[in-house]
């Protein structure tokens, strides 16, 4: 009797264990930069059920200088708000410039994670880019390398030389992430980047960002394309879910029959 109960418990255990998780949402707000310094406000919310540790918030930008923000522990549903002081490094043209917020953190076991979020800063004058990009969703499994596709469209009546950069979380790696392309008026071009996992967690999805920038005589223009890279789980010897369910039902049936047989024997006595 005890053996049967033990077998039922062993079958049920894989289905009773609920994994904790961390889910971070980043919100960024900026003002028009009229001088050589400005503020970038950031809000970080952990909507999971496990705390994030050793959180570091950094800005990825080529034209401005700033220092990272550190948060020792970010507990679930306990938002953190902070701000960066953004200093202009060199003289630049008025216009829009892309900024990517990189968040590094770890779980309770010290396993590292990261995420990227897009924003932009307006320096003196707001500009609207005529060059935009569209990405294709990518799925990776194991150590394989696949091509991340970015389609760039120029809706302008003029050609442009566009600087393109693919920005990924730390768990993904890319070869040749920066390109410069010439794109004619009303032209569409496709770029591919070789992307692979570098410790990405199976079953997770990661945001990928592609920035596109160009100048004219008086202004700077930029846009950001957002994509998704999914990390699949490798095949293993784990039994399918339905086998566990059938096994549990069989053990329950055996248990009921055993109980019925025991009562019948008692009546015969």
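For region 102-114, check the following and say yes or no: at least one residue is under 30 Å from residue 159 (Cα atoms) and either surrounded by 13 or more Cβ atoms within 10 Å (Cβ to Cβ) or more than 18 Å from the chain's Cα centre (by Cα) (or both).
No: region 102-114 contains no residue that is under 30 Å from residue 159 (Cα atoms) and either surrounded by 13 or more Cβ atoms within 10 Å (Cβ to Cβ) or more than 18 Å from the chain's Cα centre (by Cα) (or both).
Do you know which residues across region 138-168 are without any contact (Cβ under 8 Å) to a residue 60 or more places away in the chain, assigned to a loop (DSSP other than H, G, I, E, B) and within 25 Å of residue 197 (Cα to Cα)?
143, 144
Return the total of residues in region 24-58 being loosely packed, with under 13 Cβ neighbours inside 10 Å, modelled with pLDDT under 90 and more than 30 Å from residue 92 (Cα to Cα).
Of the residues in region 24-58, 0 are loosely packed, with under 13 Cβ neighbours inside 10 Å, modelled with pLDDT under 90 and more than 30 Å from residue 92 (Cα to Cα).
For the list (1) exposed (fewer than 14 other Cβ atoms within 10 Å of the Cβ); (2) closer than 24 Å to residue 105 by Cα, I need the number of the one condition that residue 216 fails.
Just one mismatch for residue 216, condition (2).
Give the residues of region 41-68 that are closer than 18 Å to residue 96 by Cα and in a strand (DSSP E or B), sorted by residue number.
41, 59, 60, 64, 65
The values are calculated or read from the model by the stated rules, or taken from the named source; none is laboratory data. Bear in mind that the values here come from a model prediction, so they are computed numbers and not experimental data. As a convention, Cβ positions derive from the backbone with ideal geometry for all residues, glycine included, and neighbour counts pool all protein chains shown.
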